[in-house]
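The structure appears right after this line, and notes come after that.
Derivation of every value follows stated rules applied to the coordinates shown; laboratory data play no part. What you see is a predicted model, and the numbers here were worked out from it, not measured in a lab. Here the Cβ is made from the backbone with ideal geometry for all residues, glycine too, and neighbour counts use every protein chain on show.
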Amino acid sequence: MVSNSPLASDSIDADLLALDQASVFRTFTATKSHKGTTVSESIFLLKGMHCAVCIKHIEQTLSQLKGVLQVKTQLATQQARVLWDPTQTRASFLAQALRNAGYEPLPARSIQAEDERIRQSNLALWRVLVSGFCMMQIMMYTVPAYYSNPTEITPQIDALLRWASWLLSLPILIFSCQPFFSAAWADLRHRRIGMDLPVSIGIGIMFFIGTLATFNPTGLFGSELYFDSLSMFVFFLLSGRMLEQRLRARTAGAVDSIIQRLPQTVERLNGENQTPEIVSVQMLSVNDIVRVKAGEAFPADGILISSEAYVDEALLTGESRPQHRRAGQEVIAGSYNLRGPVQIKITQVGNTTRFSKIVSLMERASTEKPKIAQLADQIAGPFLLFILVAAGIAAAVWWWLQPSQAPALPLKIAVAVLIVTCPCALSLATPAAMLAAAGVMAKHGILIQGLRNIEQLAHADIFAFDKTGTLTEGSLIISKVELRSDTDQETAIGLATAIASHSLHPISIALQALGEKCKSLPFLTHIQEIPNRGLIGQSPEHGEIRLGSAAHVGIVENSSSPKDERLVCYLSDVKGIMAQFYFNETLKTDTVAAIDTLKRENKKIWLLSGDRDGPVGHVARLARIDQSWSQLQPQDKLHLVQQAQAQGHRIAMVGDGLNDGPVLAQANVSFALGKAAPLSQSYADFIVLSGKPTDVSFAYRIAKHTLRIVKQNLAWAAIYNVLCIPLAVVGMFPPWLAGLGMAASSIAVVSNALRITHLREKL
Amino acid sequence: MESLFLLIPFSVLLALAIIALLGWAVHSNQFEDLDTEGERILHDD
């Protein structure tokens, strides 16, 4: 089915055309050969894809297009992989078809990275399968030797079984173990000791002894094979690592699809005639003149050419009210143009804009972050070194004590020491519990950017919240209306709504929501907005109507009102004030529950806001938060957090706006709630998709519980090692018993960790 | 017991063959998406 009416160029949305520009095109499209011809392969991330029926729909939509050769859609990753013929169609055509079908197409960030990820994950899976299959088969060959009398198996059959085991352990050693060896080698070259070094040495010695025993059972190293222990050990270790890698990839994928956006395009006015041209933001330079439509973000810092503009700088400064700008004044990249198209002359692009400065501030803060991973290495390093030294000394002492049995006995003891401690229980203790916790959280829509963050969260003692959008709903609602005695409510609301419909101020928007119930709105003329004051209009019945601040309607506010937590808006006609509207920010429904839960856990709660004193104090009282700060700039928040950290506190920061980015990165652990700015999501350690504050307290309780289980696991692993190392050193632990002990301790640790998955009912 | 002289080498070859088969399956992305393919038959028109 090939559609006979290909999309014409002019039916493609302007923003999608950017997908055909070479710099963008390269990122999500690769050139491949398919059945002898050169074709393109593109990956689109699709928003709005929820079920298997969507897959069918998407695949049908795309495969009906001319030039599309193959479509593969995946629900889990929300991706469509399209193979298409570049001589017959274009990427923007495909994207437009997807958009028309109701799915918002976003170009994948990097098709090369995605292909590499798939290749790596396939390789990891194959390594596990190889080791697992060889393990099963080696067991088959080994078990008879354990359970039969020595005379039952003829020497020939015995030799054959040995050779078969040896042969099947080769793929494990050469292929499956390769990650351990290369990591150990990398560690050695950097003069570090990692978990992979004792693992590699243990594997190496086991294979070495096993090989000698295979071909010379009567020789120095005895007849004991270690291939069964070797293969089981490798299989368990690889499986654990693969599961962790998959979890990480899934979380990263989810985050990717959130932060991915279409490449920004902008309308540039070229030359004297000001001919408009759509270009991508990267192509702008200083002194270019661009036109920015209402609702769009300014692509770069610039000077306003049009006579006036209203901008929303909430993401950058935390100021939630629209700012008025006149011709010649500055506008900031990343802030939004709220009304009518305006023209700006660009003064700064790229790295010099304030937007990029905030981004780099965030990056710096995140690299300065204390790394728990380093701490873990600091502890693990000496322990692993101790094991290596202990194994070496034990072997040396036994060599000296019993030279007649050397080198078989000393090596056997060294292997026993290495296996018995082989960091299995120890290395599983933490990740097993944390993986289980991450799984539980993921089920509740809480994404984790790294397992180590669970420990940080469990240790946090101060929870600092941002206000707007975190504790409160993002929009204002009317709390009270006061009317003049001769005015009825419907007239007042009707007038207010009619005049407010000409403004984008948050108060106007809230008033419009109120007026939706009105049957008909009064007719007004000559409507005019005076910045920072309000609106004026003419009504045939009421004369001049004003809506806005106290000053705007000509009264003096009483002295207490600047501190008032509520925003007040006045409506007046020629006779004076007709009505007063009071607005409140509303708390999210479960804010109080979340704060109470955290307080019961003896956490300090902070409220850090860029907003004015009044509303901040009000929200703090409603949410029962004791400590609040208002009118903070991003730098002030950062400073407060750093100060508290210097006093030894551990801070969990919960926020959403872009201006929270630096402080999210500085805090010991951070949450981004709901529809947070993409940038701060990418820096947050936890992403709460539902945006509910209770999910923060839920995550904390899981983290706390997880840490308890981790401690139990570590204690168990420590006791096990303390008991077993001396036994192995004195030679009372043959390697097979060491292997059993290792397996048993691992199982104990993993089953303890699995208790976390049943935690939900209790919390 | 003599049959073991044939069966043991044969089992080794079989194991290697199965590993190769798994390798082919993994690298042709058979394990990439386990959910969609199973559900596809339920949504065929």
In Hz, Karplus ³J(HN,Hα) per residue of segment A:60-70 (6.51, -1.76, 1.60; θ = phi - 60°; x = Gly, Pro): 5, 4, 6, 6, 7, 6, 5, x, 8, 9, 7
Charge-dipole axis of segment A:52-201 as Lys and Arg at +1 and Asp and Glu at -1 on Cβ define it, positive-most pick from A:L106, A:I193, A:I174: A:L106
Residue order, fewest to most beta carbons within 10 Å, for A:M135, A:M140: A:M140, A:M135
Sequence of B:S28, A:S697 once ranked by neighbouring C-beta atoms within 10 Å, starting from the fewest: B:S28, A:S697
Förster radius 45 Å - calculated FRET efficiency between A:E308 and A:R624 (Cβ-Cβ, nearest 0.05): 0.60
Too-long pairs where the Cα-Cα distance tops 18 Å, listed order kept, from A:K467/A:K604; A:K480/A:K519; A:K588/A:K637: A:K480/A:K519; A:K588/A:K637
HN-Hα J in Hz across segment A:537-552 - Karplus 6.51, -1.76, 1.60, θ = phi - 60°, x for Gly and Pro: x, 10, 10, x, 8, 9, x, 6, 10, 10, 9, x, 6, 4, 4, 5
Nearest-0.05 FRET efficiency for A:E516 and A:R326, computed from C-beta distance (R0 41 Å): 0.75
Per-residue ³J(HN,Hα) for segment A:721-733, Karplus 6.51 cos²θ - 1.76 cosθ + 1.60, θ = phi - 60°, Hz, x for Gly and Pro: 5, 4, 6, 7, 4, x, 4, 5, 5, 7, x, 8, 10
Segment A:I555-A:Y582, length gained on full extension (0.36 nm per residue, minus Cα span): 8.1 nm
Sequence of A:W126, B:W24 once ranked by neighbouring C-beta atoms within 10 Å, starting from the fewest: B:W24, A:W126
Local net charge near A:E267, Cβ-Cβ under 10 Å (Lys/Arg +1, Asp/Glu -1): +1
For A:T29, residues with placed amide H under 5 Å, excluding near neighbours: A:I111
Extension gain from A:Q70 to A:K56, taking 0.36 nm per residue of separation minus the Cα-Cα distance: 3.7 nm
Contour excess over end-to-end distance, with Cα ends at A:L188 and A:S485 and 0.36 nm allotted per residue: 98.3 nm
Cut-off 14 Å, label 7 Å out along Cα→Cβ of A:K32, residues of segment A:106-129 by amide N: A:111-119
B:A20-A:L170 pseudo-label distance in nm [points 7 Å out on the Cα-to-Cβ vector]: 1.4
Where a label projected 7 Å from the Cα of B:F31 along Cα→Cβ would reach, residues of segment A:155-182 with amide N under 13 Å: A:176
Segment A:610-651: trypsin sites (Lys or Arg not before Pro) in DSSP loop, at most 10 other beta carbons within 10 Å: none
Chain B: angle of helix B:3-27 to the longest principal axis, Cα-based, in degrees nearest 10: 20
